[in-house]
Amino acid sequence: ATQDAGMVAGLEVVRVLDEPTAAALAFGMDNPDRHGTYLVYDLGGGTLDIALMRIDPLGFHTLATDGDDRLGGKDWDDRIITHVAQCFEEAHGCNPLESPETYQDLLDKAEAAKIALSHKSQVKISGLKVDRVMLCGGGAALDGLPQYISGGMGVTVELFDAFRMVETDKLDAAS
């Protein structure tokens, strides 16, 4: 398809390169002083592509290529987000992914952590912003619990009472 698109555009397509090979050439791997066999990883936004290439006096030769379209940078972001959200939910009892704003905040932090992990062995993700906490279930109304959570996390706490959500006229009609 790439070769056809080039010809439709009026170009003479001599050779189509896979992304890892093109990246290796862009970084100067075709230098005559770099003869040898190389395994090139290209971790992009959507895929992980790998090429095995040999460079010799006659040029460069792609020996093999492969890839995984479910192992790109976005997939790493999603795994980091899921891990942090699970840890947060275990510690605080609420899922930070339920709010679009909190999800975006976590995505930004996950992307920054991923970049930092390329030159560090550990990264701490902190400062996840939670705007409000919703308490529900039988234990939610325990005396002082909303105030305790509000003070400890510095957020607004809402007590969700399922009985208040049912309109009284519908209860009267049902009886």
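The values are calculated or read from the model by the stated rules, or taken from the named source; none is laboratory data. Keep in mind that what you see is a predicted model, and the values were worked out from it rather than measured. Methodologically, a virtual Cβ is constructed for each residue, glycine included, from the backbone with ideal geometry; neighbour enumeration extends over all protein chains shown. Heavy atoms of the whole protein, side chains included, go into the accessibility calculation; ligands, DNA and RNA do not. Shrake-Rupley method; radii C 1.70, N 1.55, O 1.52, S 1.80 Å.
Structure notes:
- Across region 1-51, the relative contact order, built from alpha-carbon pairs under 8 Å that are at least six residues apart, equals 30 percent.
- HN-Hα J in Hz across region 96-102 - Karplus 6.51, -1.76, 1.60, θ = phi - 60°, x for Gly and Pro: x, 7, 6, 9, x, 5, 5
- Of 119, 60, 97, farthest towards positive along the dipole that unit charges on Lys, Arg, Asp, Glu beta carbons give region 1-135: 119
- Cα shape, region 1-63, gyration tensor, a/c 1.5 rule: oblate
- For residue 92, solvent-accessible area (1.4 Å; no DNA, RNA or ligand), Å²: 90
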